[in-house]
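Worksheet for the structure shown next.
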Amino acid sequence: MSAHQKNRYENDYKPDENRNKGASRWSHCRKRGADGSLRKSHAIEEPGKCSQHSGRPESFTTPESEGPVSRVKNWGDEVEAEEMRSNVRNDMHRYRRRILEADFPQRERKISSGSSDSRDSRDSKESPAKGDIETDETTLIRRQKQINYGKNTLAYDRYIKEVPKHMRQPGVHPKTPNKFKKYSRRSWDQQIKLWRVKLHAWDPPAEEGSDLQQIEEIDLGEIMDFELDVECSADTESQCPTSSGKSLSLAEDSFTGTPKKMMKTEDAEMS
Amino acid sequence: MRSGQSHAIRKRMKQARGSFGVRGMDSAWTAFDVVTQTMLQKAFDDPKTVDLEKLSNAIVDQSLKDLSFCKDAGRMCYAVVQAEAQKAATSVFRRNLLTRLQQEFTAREQTRNRSVREWVCLVTFICSIFDYIKVNNAPLVALVDPVYDCLYRLAQPDALINEEEVDCLVVQLHRVGEQLEQTNSQRMNQLFYLLRDGFLLQEDLSSMTRLLLLEILEFRASGWTLTDTAHKYYYSEVAD
């Protein structure tokens, strides 16, 4: 994995990976660190915190220290996380319904906005059976965040204004990866990268920017076609072709240059 | 207790109930100076053009001073949150509001020592936010424990002797008690043990305080609703 990728995913991995290091959530409740040495009992001033799991004592008032403590969560963050979780759950219910509807296809159905087209289940060779969708919340939230980054760009805004859904041609027009389909981590990350690279075609014109984009597009053209075959037929376990190494580094450069809007936390479900 | 004193008590209880009825936002609006009023109006029309952090601070500052304002403040905040979400698809206001609220909550004991009035305003405001601001129609889980912490504090012996604090406690329980219990019934049980103990054992409570506590104990026992009997006892006007 590239360093860039590693940094991006570190936060997501933290709860699982850092158990042996000092600064985990419950570390101050333990007498010994993972290496066996006795801990200093500096956390005694806040004895109530260990019992948070079982319900706090009645007259519990936290003697809070100044500044962020690793245990104390920021309300703003918590609420945004709650919101993302419930949005993802709502998406899942909607998607499930859409899958069920697809079993009874109706003509003239308006293709509503949402995380995926109902076309997905009809056209593609692998229509996900009811059990075959991604349901792990952590994964879904991580994927949704990645999608949000992409949708939060000026390029995306310009794209959806310019090309309405029904005018989209597969292969030519970028399509948001479906977070409910089962993919390996690598496959998903690759799809996201490709999607974002394609979106760059709609970057707002800048002086030198547009020339650069021309060059990038030409370079990536051949590789893109190849990638597309991988993308369209992939459901599980598609591997990253090694020839994409070149396009990846180009893509990463162009990432940093993408004009971004203010952070959208509510996914306005436009794609 | 059928005397002039009880009449005064029941009138106060009526007022307490009336305070969580539906009121227009006009009274809250007028509490602000012109600059803030303009900012607020613009926030509804075009949130991107407003300094939402400044607005959220203005609202919090006013809430900590003005008890009658705090009750509507939650609704006002909710309106701004909605406007921002729909028109700008961001949640800057809500985030700033919560951050500021968390700071005030963290410093609540100092606030209480400095001014009981401000402390009571803070609790009222936090509960108002909890009541109005929802995430996909669910209550803000992040605020559940903080609200309980505030109510526990109000149920302490040194708070129960202040009618101002008892008043706040019962009003908030009427407003958000049921919701709160749904999110964490164990803590609600513990809170009511405290209230029951206070009612039965604490000797220095005023009769008004005892009445308020009795009413809330019965209120919860009947499933967060007022039975006819209770209504007659606590709220009916007696021709003196």
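The values are calculated or read from the model by the stated rules, or taken from the named source; none is laboratory data. Keep in mind it's a predicted model, so treat the numbers as computed, not measured. Virtual Cβ from ideal backbone geometry, glycine too; neighbours counted across all protein chains shown. In case anyone asks, the SASA skips ligands and DNA or RNA and just uses the protein heavy atoms, side chains included. Shrake-Rupley method; radii C 1.70, N 1.55, O 1.52, S 1.80 Å.
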_Normalised contact order of region B:96-240, rounded percent, pairs of Cα under 8 Å and 6 or more residues apart_ = 20
*Treating only the Cβ atoms of Lys and Arg (+1) and Asp and Glu (-1) as charged, compute the dipole magnitude of region B:117-236 about its Cα centre; round to the nearest 20 debye.*
340
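Can you show me the helix-derived [θ] at 222 nm for chain B, built from DSSP H runs with n ≥ 4 at -39,500 (n - 2.57) apiece and divided by the number of residues, rounded to the nearest 500.
Numbers: 14 runs with 186 residues, N = 240.
After summing the helix terms and dividing by residue count, I get -24500 deg cm²/dmol.
Quick one: of A:Lys73/A:Lys175; A:Lys73/A:Lys151; A:Lys198/B:Lys134; A:Lys145/B:Lys42; B:Lys134/B:Lys232; A:Lys161/B:Lys71, which pairs are farther than 32 Å apart, Cα to Cα?
Violating the 32 Å Cα-Cα cut-off are A:Lys73/A:Lys175; A:Lys198/B:Lys134; B:Lys134/B:Lys232; A:Lys161/B:Lys71.
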*When chain B is treated as a GNM, springs tying every alpha-carbon pair under 10 Å, which of B:Asp45, B:Asp228, B:Asp197 comes out with the largest mean-square fluctuation?*
B:Asp228
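Given Cβ point charges of +1 (Lys, Arg) and -1 (Asp, Glu) and nothing else, what value in debye, to the nearest 20, does the dipole of region B:51-206 about its Cα centre take? Mind showing how you got there, number by number?
Details: 17 positive and 22 negative charges, 134 e Å.
Using Cβ point charges on Lys, Arg, Asp and Glu, region B:51-206 gives about 640 debye.
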*Integer Hz, Karplus 6.51/-1.76/1.60 couplings in order for region B:165-181, x for Gly and Pro*: 6, 5, 3, 4, 4, 6, 4, 5, 5, 4, 6, 10, x, 5, 4, 4, 5
*Using mean Cβ contacts within 10 Å as the protection proxy, how do A:81-92, B:214-225 order, highest first?*
A:81-92, B:214-225
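At a 1.4 Å probe radius, which order do A:Phe104, B:Phe105 fall into by accessible area, largest first? Could the numbers behind the result be given before it?
Working: A:Phe104 150, B:Phe105 15 Å².
Accessible-area ranking of A:Phe104, B:Phe105, largest first: A:Phe104, B:Phe105.
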*Over all distinct alpha-carbon pairs, what is the Kirkwood Rh of chain B in angstrom?*
18.9
